[in-house]
Every structure is written in structure tokens, then in C-alpha cells.
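Each value in this text was obtained by applying a stated rule to the coordinates, not by laboratory testing. Being a predicted model, the structure only gives us computed values, none of them experimental. Glycine gets a Cβ as well: all are built from the backbone with ideal geometry, and neighbour counts include every protein chain shown.
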2 protein chains.
Amino acid sequence: MNAELIAVGTEILLGEITNTNGSYLARELSRIGVDSYFQQVVGDNPQRLDAAITTAEQRSDMIIVMGGLGPTPDDLSKQTLAAHLGLKLVTDAAHLAKLHELAKRREHALTPNNLAQAQLPEGATPLTNHNGLAVGAMLKQGAHTYVLLPGPPREFVKMVDTELLPLLAGQEHQLLISRTLRYFGLGESGLVDAIKDIIAQQTNPTVAPYIKDYEVTLRLTGRGDNEAVITKQLDALQDKINAVLGKYYYATGADVTLASVVVHELVRQGQSVSAAESLTAGLFQATIGGVPGVSDVFNGGFVTYSAGAKAKLLGIAPELIAKHGVVSEETALAMAKGTRQRMQSDYAVSFTGVAGPDELEGHPAGTVWIGLSGPAGDQAQLFHLGGSRNEVRIRSVKHGLMMLLRALQQAQK
Amino acid sequence: MNAELIAVGTEILLGEITNTNGSYLARELSRIGVDSYFQQVVGDNPQRLDAAITTAEQRSDMIIVMGGLGPTPDDLSKQTLAAHLGLKLVTDAAHLAKLHELAKRREHALTPNNLAQAQLPEGATPLTNHNGLAVGAMLKQGAHTYVLLPGPPREFVKMVDTELLPLLAGQEHQLLISRTLRYFGLGESGLVDAIKDIIAQQTNPTVAPYIKDYEVTLRLTGRGDNEAVITKQLDALQDKINAVLGKYYYATGADVTLASVVVHELVRQGQSVSAAESLTAGLFQATIGGVPGVSDVFNGGFVTYSAGAKAKLLGIAPELIAKHGVVSEETALAMAKGTRQRMQSDYAVSFTGVAGPDELEGHPAGTVWIGLSGPAGDQAQLFHLGGSRNEVRIRSVKHGLMMLLRALQQAQK
């Protein structure tokens, strides 16, 4: 089975919005074994959409029209597809009831255009829209399957995940269960390379790696007819992967971040953290500061960008910095210890290094010492990080979070 | 004239990368009067690309193939287009010389695949690649114009801006001059609304608004045959826009940021800055810390997340906080003054407020006081910011930068 995706929207053609729906759906389809060889984008124009559908029919089994289900006069995907197939539009009673209920709750009247959003080509299977008013649809005619999906990404993604994919999988009487594993470590492409044989060998469950924000996410998806069996297969696959990548694994979950995992572990253990930042200039603290509830475990800390600020704010002897340099194990340790003492926190993390683009004290850009002071003692690690000034700073923050997470995990053993 | 964009790449079809090139080019083409009614995406497959080109020829004047010019065996766009048109591939001498020179400088040998990157269909006009090894091409055959562009966005955007668009404009003996104006203020869509009549009335120069990162960017593009005339038209249009939006204008330039403008103004005036951050938790300092050269004007500062940290690190009397609250003009001013004194900086910025999601001291999420202490005195401003926790923090940082920029500009008057 192969699918052709047609994105409808003049604002996509004009580049006012980027077609992220197409990427998302293509990726999800490929994971359940549906190939897609062609995609098209057309404006809000019935003739051109009709032509695009005709083109797609000549080369693809399934034609998925994305967008153009809204209430405005230029939203004509449903009407165009129905006319193309010689079908009438009929109102889906369940969806209409939902629209009426919603209007009642929000105290506004339904317009005729709103009512049209409950329509679908006769004979089509409705796809529930959990995040919006336009119902989706799937139908078969001849050798082709046709699908209508809404354009707004929040509505689109939800309908793909909860309606379309299970329906496609269900046509083969299958369940679909996904699990997201998260990794951070030196070299994202290296992490993926390390398990490329596992990825290549897997057919069920599948492993889809994504590299984003200097991290690797693996989405494991299992298919079958028995939830317990699929879960067991996912567990086995996760064990197999973590036998290789366990050192870099930090959490399972689609919505977690490294910072949220660290903050929640601090909260769970009732431990507090502070920081002193040189090259990262506040980015570590701003990152944990982004997690709701962080105030239970974080009072504040220091940005000590210059050597003078390190001496003045953290009480580091100028002689120590003069002797070992700003970019040194000694300075990183002194920063962490000084911060922990001054903020009276359980843990303190320190960052000192060369963000670039220029070198510093003879060290090339990307040379970073991260210090950690905690109940179990003090440590400092040296990193040689690649990338631009900003990449070096972001990677430094993540390594600091990872060191803190490992220390917290160690403390529980 | 209308153009059809064909993005080539299995990784786009599979959703591993999003087709941002298509959005970018569609937008730029629309601004020079080239419509695009259809876009296609195909994998790295010569037969399917050939079919896509045939489809495009039936409905479009210009066919622009994006991607597939790289050195790997699956990069076949150039070969496919040449075969489709019955043309031989020939080596572009100037580009080949550039490849040899580059290889010499980087001390590596050129592979046969690299050499192929200097080839283009015979008779084609080469498009210089300023950021990569693959030459682009444009050629005419019959009623159609064909364009080959590289896939990596850094190479693609540069080639579109400096080669393709001027060439297309030049075919009509026209010059094309663009200017990017940058604005930040309360409510991005409000800023665009305030000049929507100007945008709608303009045909030359055109005004294209983009909203990104809570800022508004206006790209003005003038066409004509005389540089001085176009520049004068752009100046007049800029004056007209800034008569409405001047309060929110902060710089002209495609590559500047609010933080870089502030840091460069500090450097120019020989003034230093420090900060004390509560809800932003280090994000202001991390943001200016991202600008190379910031060490000349920034020694460091404080993250004072809790009331205790404000008292301890900045010497604020606990009674003042108890009386007025953490989220108050008095606390913001005391934070800024205390920081300026402790860091001995010329300016100090302070942030205290409610990032959310929960309210604080009876203030709703988004209530933010920003303080500024400087040579001309002390001030504090109250903001009511919308959005998520993270949006409130980013907007706060930008408002703090804007307050500092205005103070620096005022000091020069």
C-alpha cells in the first residue's frame, strides 16, 4: 500500500506556513508500513485540487487530502472530493450532535458553515476531531482509498494518532502501541549509528530514531492483536537497545525533557540545586527554571562570566584562577563548592569553558569543564564539544543536567 | 509566469526533515510576482522525479527542482533533468576551479562524485553556490524554464537570494533590493494590523510581514532599474511605516537580533550591564551571553529565584519584600539598584513576576515588573504578558532588552 499526501492551502503555497503535517503523516505512515512516494501542495482552488487528485490516482493507492475542512468559503476539500467521486455530502448525526452541544456550552449560535463541518461524502467512515469542529473522513472507491483530514496541526496530529492510524492498522485487525525513549550523549549521529543494525533488523516493533535539540529520541512501535504480547516485545527491544545505549538513556515518555526529569527527581528526593555559570551565562538555571514547580528545589545562583565575578561572587582565590586558569578542573570545582556553600543547596553545578568563536587561554572553542558538588562529594568533567557558540552552550547545559541526574540516581542506590 | 516547486528527497517523503525550502521559495517568488499553484515532493528516485517533472510541465511555466545535487549515489536530480530534456551534462569550468581550490585549502582530494557536482546540463546558466560544493542551474527549453537548486537550507537560501531571484528579476531588466526592519512590542498581530492598509496598498516596494519569536519582521522589497530610485522608495516606505510603528522599531538588518543590537550599543558606548533575575531565572543573561564579544560589557549577575535569595544575594531588606510583595515596583527597583551596586556595572536590569502556570501573591500569570538602574536614574515598568510559562519568560527578556536599548539611546541624545 502506498499513499500520496495532498496539502491544501494557499498559505502553504505562498510559504506563509510550512507543511509540517505532511512530514508528520509521512513518518507515521512509514512506521505502519505504508509507503509514500509523492506529495503535492495545492492552493484553495477546487479545479487545481481536482487535478491533483486525478494525478494522484494515476500513481498511488491511497489519497490523503490535508486541510480545507474549515468553515470559511475557501475551504472546499470535502466538496471537491465528493464531486470528484460523484458522491453527495451527508450530515454525520453524531458529529452534528457534538457541534450543537459545543455551541450550547460556549453560548454561541452555529452558522451554516459550522453545520457544513459535520458533513462528509456519503458512505465515508467519519474520523472524530478531538480538537476542532471539522469531522474527517475515510472512504473507498474502486482501487483507491480517500482520506480527508483537517489542516490545523493540533487537530491534524490528534486525528492521525487516534483515528486514522488505528483505523489503518485495524483494517488488518491490529493494535498499535508506541513508546518514546530518550537519550543524550556525545554525538547524536554516533548514538544512532551504534544501533543501526538493530534498527535495520527490526520490522515489528519498529525503531524510528529522531535527532532534535542535540538529543536522540527512539520511537518504538509494536503491532499485533494482543496488548500484553506487544508490550513484552517492546520491553525486550528496549532492553536490547539499552544494552548498547544505556549510558545515554535518561527517560521514557513523549512529553518529558532532560530538565523536567532532573527537576522531578530533585523534588522526589527532596534535594535542592544551585549553579554558577560562566560560558553558559545563566542558561542552565533558565532551563531548569522553565519547569513548573522548580521553586521547590531551586532558590537561585550566580552568573560569573568574568574571572573577577568568580572571585567576588563565589569567593574563589584569584591565585587559584591565576595558577590553573579559568578553564580548569580546579576552577570548576571551586565554583561548584563555593556556590553550594553560599546558596546552602544540596547540589551545585558549575560551568566554565570556551563557547567560542575565539579560543581562550590556549583552549579551543568547545573546551568545557563542568563541576558538581553534592552530598557524596565533588567532581568535575572535561568535555570537548562541537558546534557553534550557541550549540556549545546548549550542549554544556545538557551535560550538566546529565551529571546531576546520574548523581541523584547514584544517591538512591 | 507561474512556477511549480519539486522537492526531491526520501528523507522529506519520510518526514525525517520538513520541507522548509519550499515555503521559503514560494514566499520569495510571490514577492517578485511569480505565482506557484502546485508543489510536489518525490523521493530520491529518477523514474518518479521524471514523472513529477512531466506532470509539472503540463500545468506550470517554470519547474524548480530542489535537492538531489549532493555527492552521494542517490543524488540524481541533475542527471534526471538532463536525461528528461535530452541534454548532456557538461562541466562548468569556473565551478571546477573553485572545487580544486577548496580541496587544496582543506587538504583533501576531490572524489569523482565531488567533480560531478561541478556539472550542469549543457546550455544552462550556472547558479553559484556560496555555501557548498554543488553548482545550481537555470535553463530554458521550449515554453518552460527549469531550475536546479541544492537541498541543504543554508546553500539553498543563499542561492535563491543572491542568484535565482536577481536572475529572474534581471530577465525583466529589473533590480531587486530588499531591506529587513525589526520590531518588538506588545502583541505581534496587533503590530501587523496597525499597518495592514500600508501593506495592502503597496505594490512596489512590497511589504512582507513575518511573525517569529514574538517579534515582527517587515521585509521591504523594491523593484526597478535604478538603484538610487529604489533606495529612495524604500526610505520613504520605511518612514511611512515607522510613523506608525516607530515606538517598536529596533533595528534594520537580516542577521541582527535584539540582544546583538543591545550588546553592540553597550560596546559602542563603553557601558557595562548586569542583571538580577527571578522569573526569567537566568534567561536574560544567557541571551546577551549568546552574543560574541559580550565579555567586554558583561561580568555576570544573579539568579534570585526565591525571596530569600533576593535578600541574601542583593541585600534587599526582607521587610521591603514583606511589605510590597515579590511582584512589585519596589522589589524590582531594589533588585536593579542592588545588582548595579554589587556588580559595579553602568546599567542593571531586574526581573520579578509570575511566569505561571499558577498565580503568585494574587497576581495572575504574566504579571511582570522589570527594573532598570542606570546613570540617568532608576525606573520600573509593569507588563501583563500573555502565553505559556515559557512565552512569558521570553517576552520578559525581550522587554528588558528593549528598556535597556531605549535608555542607551536616550543617553546619547
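Run through the DSSP bridge list for the protein assembly as shown and note the antiparallel percent, rounded to the nearest 5.
So the antiparallel bridges in the protein assembly as shown amount to around 70 percent.
Other chains near A:268-281: what is the mean number of their Cβ atoms within 10 Å of each residue's Cβ?
Across the residues of A:268-281, the mean count of other-chain Cβ atoms within 10 Å is 3.
Using Cα atoms only, what is the angle between the long axis of helix A:329-343 and the major principal axis of chain A, expressed in degrees (0 to 90) to the nearest 10?
80
How large are Rg and Dmax for the protein assembly as shown when calculated on the C-alpha trace, in angstrom?
In Å, with Rg to one decimal and Dmax whole: 29.0, 85.
I want the local charge near residue B:40. Using Cβ-Cβ distances under 13 Å, sum +1 for each Lys or Arg and -1 for each Asp or Glu among the other residues.
With Lys, Arg at +1 and Asp, Glu at -1, the neighbours total 0.
Please give the average number of partner chain Cβ atoms lying within 10 Å of the Cβ of each residue in B:290-296, rounded to a whole number.
Mean shielding by partner chains, rounded to a whole number: 4.
I'd like to compare A:296-309, B:200-213: which one has the highest average count of other Cβ atoms within 10 Å, and what's the full order after that?
The packing order, highest mean first, is A:296-309, B:200-213.
What does the average come to when, for each residue of peptide A:39-51, you count the partner chain Cβ atoms lying within 10 Å of its Cβ?
Counting other chains' Cβ atoms within 10 Å and averaging over A:39-51 gives 4.
Nearest-5 percent of antiparallel DSSP beta bridges in chain B?
Restricted to chain B, the bridges split so that about 65 percent are antiparallel.
Let me know the shape class of chain A, please: from the alpha-carbon gyration tensor, a ≥ b ≥ c as square roots of the eigenvalues, rounded when a/c is under 1.5, otherwise prolate if a/b is greater than b/c, or oblate.
prolate
Need one word for the stretch B:176-252: rounded, prolate or oblate. Basis is the Cα gyration tensor (sqrt eigenvalues a ≥ b ≥ c); a/c below 1.5 gives rounded, then a/b vs b/c decides.
Here the stretch B:176-252 falls in the prolate category.
In bins 10 Å wide, starting from 0, what share of all Cα pairs of the stretch A:121-210 does each bin hold, as a percent?
Going out from 0 Å in 10 Å bins, the stretch A:121-210 shows 14, 32, 27, 20, 6, 0 percent.
Quick one: what does P(r) look like for the stretch A:258-411 with 5 Å bins over all Cα pairs, in whole %?
Pairs per bin, as whole percents: 2, 11, 21, 25, 20, 13, 6, 2, 0.
On a 0 to 90 degree scale, rounded to 10, what angle separates helix A:20-31 from the longest Cα axis of chain A?
Here the helix axis deviates by roughly 90 degrees.
Restricting to the stretch B:249-371, what percent of DSSP beta bridges are antiparallel, rounded to 5?
So the antiparallel bridges amount to about 40 percent of the total.
How large is the helix-only mean residue ellipticity at 222 nm for chain B, computed as the sum of -39500 (n - 2.57) over DSSP H runs with n ≥ 4, divided by its residue count, in deg cm²/dmol to the nearest 500?
Helices in chain B give a 222 nm mean residue ellipticity of -12500 deg cm²/dmol.
Which shape class applies to the stretch B:72-178: rounded if a/c is under 1.5, otherwise prolate when a/b exceeds b/c and oblate if not, where a ≥ b ≥ c are the square roots of the Cα gyration tensor eigenvalues?
oblate
Could you state the angle between the C-alpha long axis of helix B:46-57 and the longest principal axis of the C-alpha atoms of chain B, as a value from 0 to 90 degrees rounded to the nearest 10?
The helix B:46-57 is inclined about 90 degrees to chain B.
If I take every Cα pair under 8 Å that is 6 or more residues apart in chain A, average their sequence separation and divide by the length, what percent do I get for the relative contact order?
About 9 percent, as a whole number.
Rounded to whole Å and sorted largest first, what semi-axes of the equivalent ellipsoid does the C-alpha gyration tensor of the stretch B:19-74 yield via the square root of 5 times each eigenvalue?
So the equivalent ellipsoid measures 22, 15, 8 Å along its semi-axes.
May I ask for the distance between the Cα centers of the stretch B:151-175 and the stretch A:316-380, given as a whole number of Å?
So the separation of the two Cα centres works out to 48 Å.
Chymotrypsin sites (Phe, Trp or Tyr not before Pro), restricted to the stretch A:1-73: which are DSSP loop and have at most 12 other Cβ atoms within 10 Å?
When the chymotrypsin sites (Phe, Trp or Tyr not before Pro) of the stretch A:1-73 are filtered for loop state and at most 12 Cβ neighbours within 10 Å, nothing remains.
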